[in-house]
Structures are given as structure tokens and as C-alpha cells.
Amino acid sequence: MEAAVRDRGIAFDDQAQDFLDNIELKNVMARIKKKLKRKIDILGMDACLMSMAEVAYQIRGVAGFCVGSQETEPGDGWPYDRILKALAAKPAMTPRQLSQTIVNQYVASYGADENITQSALKLAGLKALAEAVDGLAKALKNILADSASLNSIISVRAQVQEYSRPYDDYCDLLHLCSLLETKVTDTEVHTACAAVKESAGAAIVANGSKGGAVDHSSGLSIYFPKRTLSPLYKTLDFTRESSWDEFLAAYLAALRP
């Protein structure tokens, strides 16, 4: 499991001591798409911490929708009995409707204090989101040299919705933008935040959460490390097509004495 955490692994196999990373996930799904001769309708990820901009962008070309959690998931995972019962009762529901059903049934299956999240994303909207995040990254990077602006960003990072350790380098994207709009005075940052919120809102088709520790969860997370930047991060499609990693590198460098 330590290797999976270090390499950002998912679907860890205790016996084989192996797991998937984001690049492998894309490659596997691309082979499935090729065999089916079409995108799959819904990629359901009954795993922890998968409702991230970077993960969704990686698989945007192989599925119509994805459903997953921003937070770690309890051991019980998805309530498949509830989900399949709802589908059996309405077998003609669209992929969008089924994605929303999965979110609703998942949230309903847990108690009020469980600290759970689940959301559904329309992957066709991820291109616009990446472009908006690129604009935000550039706007934030431009103000790092100003000490007051840097301190405001530090304050935002300290207050933003984040997820359970050791995954507290992941934070809610829309909550991040709302805090930036409140605490940073730069107008270009405000404009960029509005664009991110608009594109993210269009991509998030369902969202739900329970528990005080996750009450600022809006459906989509992003990587925002507090100390060091993973060297693997730059290998993702998201960072190849946006400058978010460049902002992160510059921000972390600005924190050093």
C-alpha cells in the first residue's frame, strides 16, 4: 500500500503487489473502447479519491460519465443492491440519469456522520475545465511575487476543503475558487475563478456528501500539495495541457526561505 500511495495507485492487489496508475487506467480503458467500438457510458469508480480533475481529464476520451468520491470511501463501498434495484425499476434511464442515481443511492446508504462524498461528472466538459484551470494557474502565478497576495493564497490553502491524510494534498476545486475570490484582490484571479466555477459546474451533473469534515465538497477535487510536488504529476494529460503544475512548482518555491 505504501507503494500505491507513493505512486498515486488505485485498485491495489494485495496478492500481486500491483496496482493501476492514471496512465495505465487510460490505456486499459482505451483498449476497452477499441473493442467496443465506442466509449463506455459510465465509468464507475468504487474507490477512494477518484473524483479529481486530473483523473477525469485522463479518461475523458473513453467514457461519457464517471462517478466517484472526492474523499476516501468506507469499506462497504457502493450500495449495489440499491443501485441495481433502481435500474431494474427504470431500465430505460439515460447514462446521465444512472450516474445521478448512483450518487443519490450512495449518499442515502450512509449515516449523517460518515464523512462521505460522491459525484458524477460529464467528461465532455473537461476540456473547457482544463482551459479554465490553465487561466487560473497563470493568474495565480503572476501574483506570487507580491507578498500580500502570496499570504492570501497561503491562507486560502490553509482553509480550503481537503481530504483525509495522507491525501490532504487534494482539495475541493470550487471551494478553492470561492476562497480565492474572497481573499485575493487581483481582478484577473477573480475572472479566472469565475471561469473555473462555470466550467466545473457544467461538468458536475450530481454531487452529494454527508459529514462535517466534508461539508464544503462540491464534486470535484484538484491536486494542491502543501510541501512537495510529486514528480509523477507532470506525466498526466491534465498537466500537459494546462499550467497548473507550473503554478504549484512556483508556489511551493515561494514558500521556501
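The values are calculated or read from the model by the stated rules, or taken from the named source; none is laboratory data. None of these values were measured; they are calculated from a predicted model. Methodologically, a virtual Cβ is constructed for each residue, glycine included, from the backbone with ideal geometry; neighbour enumeration extends over all protein chains shown.
Exactly one condition in (1) within 16 Å of the chain's Cα centre (by Cα); (2) modelled with pLDDT of 95 or more; (3) of a type in the set (G, A, S) is not met by G125; state its number.
Result: G125 fails condition (2) only.
Which residue out of G125, G219, G201, G208 is without any contact (Cβ under 8 Å) to a residue 60 or more places away in the chain, small (G, A, S) and under 30 Å from I40 (Cα atoms)?
Only one candidate passes the filter, namely G201.
Take residues that are among the hydroxyl-bearing types (S, T, Y) and more than 18 Å from L126 (Cβ to Cβ) and tell me which of the helices (runs of 4 or more DSSP H) falling wholly in region 169-254 contain 2 or more.
In region 169-254, 173-183, 187-203 are the helices (runs of 4 or more DSSP H) which contain 2 or more residues that are among the hydroxyl-bearing types (S, T, Y) and more than 18 Å from L126 (Cβ to Cβ).
So, of the residues in region 163-181 that are in contact (Cβ under 8 Å) with a residue 40 or more places away in the chain and farther than 14 Å from A200 by Cβ, which turns out to be farthest from the chain's Cα centre (by Cα)?
P166
Take the conditions touching a Ser or Thr at 6+ places or on another chain (Cβ under 9 Å) and of a type in the set (V, I, T) and apply them to I143. Does it pass? Break it down into steps so the answer makes sense when it comes.
Details: touching a Ser or Thr at 6+ places or on another chain (Cβ under 9 Å): yes; of a type in the set (V, I, T): yes.
So I143 passes the test.
Residues to consider are S221, S209, S217; find the one that is buried (at least 21 other Cβ atoms within 10 Å of the Cβ), over 14 Å from the mean Cα position of the chain (by Cα) and modelled with pLDDT of 95 or more.
S209
Got a number for residues in region 225-250 being surrounded by fewer than 21 Cβ atoms within 10 Å (Cβ to Cβ) and under 23 Å from D146 (Cβ atoms)?
Of the residues in region 225-250, 9 are surrounded by fewer than 21 Cβ atoms within 10 Å (Cβ to Cβ) and under 23 Å from D146 (Cβ atoms).
Does S69 qualify as being touching a strand residue (DSSP E or B) at 6+ places or on another chain (Cβ under 9 Å), within 27 Å of E246 (Cβ to Cβ) and among the hydroxyl-bearing types (S, T, Y)?
no
Taking the condition of being surrounded by fewer than 18 Cβ atoms within 10 Å (Cβ to Cβ) and assigned to a loop (DSSP other than H, G, I, E, B), how many residues in region 81-113 meet it?
8
Which members of region 51-80 meet the condition of being within 15 Å of Y106 (Cα to Cα) and surrounded by 18 or more Cβ atoms within 10 Å (Cβ to Cβ)? First the steps, then the outcome.
First, pick out the residues of region 51-80 that are within 15 Å of Y106 (Cα to Cα): 51, 66-80.
Listed by number, the residues that qualify are S51, C66, V67, G68, S69, Q70, E71, E73, W78.
Does A203 satisfy being touching a strand residue (DSSP E or B) at 6+ places or on another chain (Cβ under 6 Å) and either surrounded by fewer than 16 Cβ atoms within 10 Å (Cβ to Cβ) or of a type outside the set (S, T, N, Q) (or both)?
So A203 fits the description; yes.
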